[in-house]
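The values are calculated or read from the model by the stated rules, or taken from the named source; none is laboratory data. Predicted, not measured: the structure shown is a model, and the values here were computed from it. Neighbour counts are summed over all protein chains in view; Cβ atoms, including those assigned to glycine, are modelled from backbone coordinates with ideal geometry. Each accessible area value is taken on the protein alone, full model and side chains, heavy atoms only, with ligands, DNA and RNA left out. Shrake-Rupley method; radii C 1.70, N 1.55, O 1.52, S 1.80 Å.
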Amino acid sequence: MKNITVIGAGTMGNGIAHVFAMKNFNVSLVDISETALEKAIKTISRNLDRMVQKERITEADKTQTLANITTHTDMEKGVANSDLVVEAATENVDLKLKIFKQMDELAPANAILATNTSSISITKIAAVTNRPEKVIGMHFMNPVPVMKLVEVIRGYATSDDVTNNIMELSKTLGKVPVEVNDYPGFVANRILMPMINEAIYSLYESVAGVSEIDTVMKLGMAHPMGPLQLADFIGLDVCLSILKVLQDGFGNPKYAPCPLLVNMVTAGKLGRKSGEGFYSYAHGTKELVVASNFA
Ligand code: NAD
């Protein structure tokens, strides 16, 4: 594999483009928004600068990495010579189905089509293509250049060859791939999201405050970040949509999102990206929000 296309240049897409370009793959980064593409290149450049400062790469490596990336707003041009497409567009099932139909028509017949979805069924996405055996989940973690794990998700029809290919490719990127099957939330979010939801319930039922809940989990369980801070980092809207996928997929009320989470998303309190969630980020720092907001 030499030519990689990344669809979506947001938080995850720019990180995925970064790690492939660092290993000298030719990367085509595609987004519907020119602004998102410009922002992605700036973010990659800034992250590479940080690596140069830490003497992990040279200035020449940075120049080469950026030279390995081209940007497109036209999907047809972006996927024309692709060996592998990694889709990292917005987490919306109808959007993903539309993109996969398009990619199936436009990408070379032997190209593998991967998705970075956090929760949407790989089998469902594969079913809208004429190559379900070549469709697979390649779930990177945020921030992509830092986090080692790639959850590799086999859909119902994904072939052994394609799975092995993606496992090996992930190792080439310096990552540790773990193969899992296609059930709601896969492994990462099936375990993480109920924990975050339970932390929100503990707050909602006044068992403890934000800082107390996060401190218990940080110091007691050696988690680098408490579950409420992590929810802010992921995005409360993203947490809510994954919990709904778990609830619908298993038909089990134990996954029902906490009413406080639903209220916060409705009120536009989405965590870091909106400036406030369980903490406030309005002044560039992480500050506690008044406790009565969580009643
Ligand atoms: P994001 O909102 O930061 O970026 C999404 C990008 O997709 C935007 O730039 C948008 O313009 C673009 N887009 C929308 N429609 C498009 C189209 N038709 N063609 C091309 N680009 C299009 O989202 P994100 O956080 O980077 O998430 C992307 C995917 O990665 C989602 O499936 C999400 O579930 C998954 N994911 C996110 C995280 C996380 O922590 N944010 C972690 C793991 C996986």
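Give, as a single signed number, the net charge of other residues whose beta carbon lies under 10 Å from the beta carbon of D182, with Lys and Arg counted +1 and Asp and Glu -1. Before the final figure, lay out the partial values.
Working: positive: K124, R154; negative: none.
My count for the surroundings of D182 gives +2.
On average over all directions, what projected area in square nanometres does the stretch 115-180 have, based on the convex hull of its Cα atoms? It would help to have the intermediate numbers written out before the result.
On the way: hull surface 16.3 nm².
Averaged projected hull area, Cα only: 4.1 nm².
Grab the Cα-Cα distance for T58 and K244, subtract it from 0.36 nm times how many residues apart they are, and report the gain in nm with one decimal. Display every interim value, and only then the final one.
On the way: separation 186, 0.36 × 186 = 66.96 nm, distance 4.46 nm.
Between T58 and K244, full extension yields an extra 62.5 nm.
What spacing in nm lies between the two simple spin-label points modelled at R50 and I32, each 7 Å away from Cα in the Cβ direction?
A separation of 2.9 nm, rounded to one decimal place.
If you count the DSSP beta bridges with both ends in the chain, what percent of them are antiparallel, to the nearest 5?
Antiparallel: roughly 25 percent of the beta bridges in the chain.
Write down, largest first, the equivalent ellipsoid semi-axes of the stretch 157-213 in whole Å, where each equals the square root of 5 times an eigenvalue of the alpha-carbon gyration tensor.
Rounded to whole Å, the semi-axes are 37, 14, 5.
Hey, what number do you get for the chain at 222 nm if only DSSP H runs of n ≥ 4 count, each worth -39500 (n - 2.57), divided across all residues, to the nearest 500?
Using -39500 (n - 2.57) per qualifying helix, the result is -14500 deg cm²/dmol.
Counting pairs of alpha carbon atoms under 8 Å apart in space and at least six apart in sequence, what relative contact order in percent does the chain give? Working shown, then result.
Working: 515 pairs, mean separation 36.2, N = 295.
12 percent.
Suppose the chain between V93 and K273 were pulled fully straight at 0.36 nm per residue; how much longer would it get relative to their current alpha carbon spacing?
Difference between extended and current length: 62.6 nm.
Over all alpha-carbon pairs of the stretch 2-54, lay out the pair-distance distribution in 10 Å bins, whole %, shortest bin first.
27, 55, 18, 1
Taking the simple approach of a point 7 Å from Cα along Cα-to-Cβ for both S292 and K254, what is their distance in nm?
Roughly 3.7 nm, to one decimal.
Holding the Cα-Cα limit at 25 Å, pick out from K39/K273; K42/K269; K23/K101; K101/K171; K124/K269 the pairs that are longer than that.
Beyond 25 Å: K42/K269; K23/K101; K101/K171; K124/K269.
Using a Förster distance of 25 Å, how high is the FRET efficiency between A127 and N81, based on the Cβ-Cβ distance and rounded to 0.05?
0.45
Just report the Cα centroid separation between the stretch 207-283 and the stretch 76-148, whole Å.
27 Å
When the accessible area of the chain is computed with all protein chains present and a 1.4 Å probe, what percentage of it is carbon and sulfur?
C and S atoms contribute 53 percent here.
Can you give me the distance in nm between label points at E205 and L219, each placed 7 Å from the Cα along the Cα-to-Cβ direction?
2.3 nm
About the Cα centre of the chain, what is the dipole size in debye to 20, counting +1 per Lys and Arg Cβ and -1 per Asp and Glu Cβ, all else neutral?
Charge dipole, the chain, about its Cα centre: 360 debye, nearest 20.
Would you mind checking the radius of gyration and Dmax of the stretch 3-181 based on alpha-carbon positions, in Å?
Using the Cα atoms of the stretch 3-181, the pair Rg, Dmax is 15.2, 46 Å.
Rolling a 1.4 angstrom probe over the protein heavy atoms, how many square angstrom per residue are accessible across the stretch 3-181?
Ligands and nucleic acids excluded, the result is 46 Å² per residue.
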